[in-house]
1. Give me the pairs, please: first residue somewhere in the range 22-45 and closer than 16 Å to GLN62 by Cβ and basic (Lys, Arg), second residue anywhere and modelled with pLDDT under 95 and assigned to a strand (DSSP E or B), beta-carbon distance under 6 Å, and either six or more positions apart or on two chains.
2. Please work out which residue is surrounded by the most Cβ atoms within 10 Å (Cβ to Cβ), limiting yourself to the range 30-53 and to residues that are within 14 Å of ARG2 (Cβ to Cβ) and within 12 Å of the chain's Cα centre (by Cα).
3. Take the conditions among the acidic types (Asp, Glu), assigned to a strand (DSSP E or B), under 14 Å from the mean Cα position of the chain (by Cα) and surrounded by 10 or more Cβ atoms within 10 Å (Cβ to Cβ) and apply them to ASP59. Does it pass?
4. If you scan the range 11-40, which residues turn out to be closer than 17 Å to TYR71 by Cα, out of contact with any strand residue (DSSP E or B) (no Cβ under 6 Å at 6 or more places or on another chain) and not small (Gly, Ala, Ser)?
5. Quick one: ALA22 ticks every box in (1) surrounded by 12 or more Cβ atoms within 10 Å (Cβ to Cβ); (2) not in a helix (DSSP H, G or I) except a single one, so which number is it?
Amino acid sequence: MRAIYVQIKCAMGTAYRVARQAVDEIEELSEIYSTSGQYDLLAKFYLEPNRDIGLFVTDRVQTLPGVVDTYTLITFNAFSAERGPTRR
């Protein structure tokens, strides 16, 4: 599985509704946080390695009611204190 992070900008007053709907409807969602700054939410998704990331974001995330903008971060390696980079 590949982790991606998507920052989500929401229409005024809709961040909690967007977060709730994402939790309820997107099974690839691992966790979602409210944030401060330019974006209102930060979501972590796990996708199959061959999954089209752009299509996933445009079809599943950007179409949620209240989403105004997204910014996607693609990850390469996961590190932890015990193991260093994980290899798959």
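The values are calculated or read from the model by the stated rules, or taken from the named source; none is laboratory data. If you're wondering where the values come from, they're calculated on a predicted model, not measured in any experiment. Every residue, glycine among them, receives a Cβ derived from its backbone with ideal geometry; neighbour counts consider all protein chains shown.
1. none
2. The selected residue is PHE45.
3. Here the answer is no, as ASP59 does not meet what is asked.
4. GLN38 - this is the single residue of the range 11-40 that is closer than 17 Å to TYR71 by Cα, out of contact with any strand residue (DSSP E or B) (no Cβ under 6 Å at 6 or more places or on another chain) and not small (Gly, Ala, Ser).
5. Result: ALA22 fails condition (2) only.
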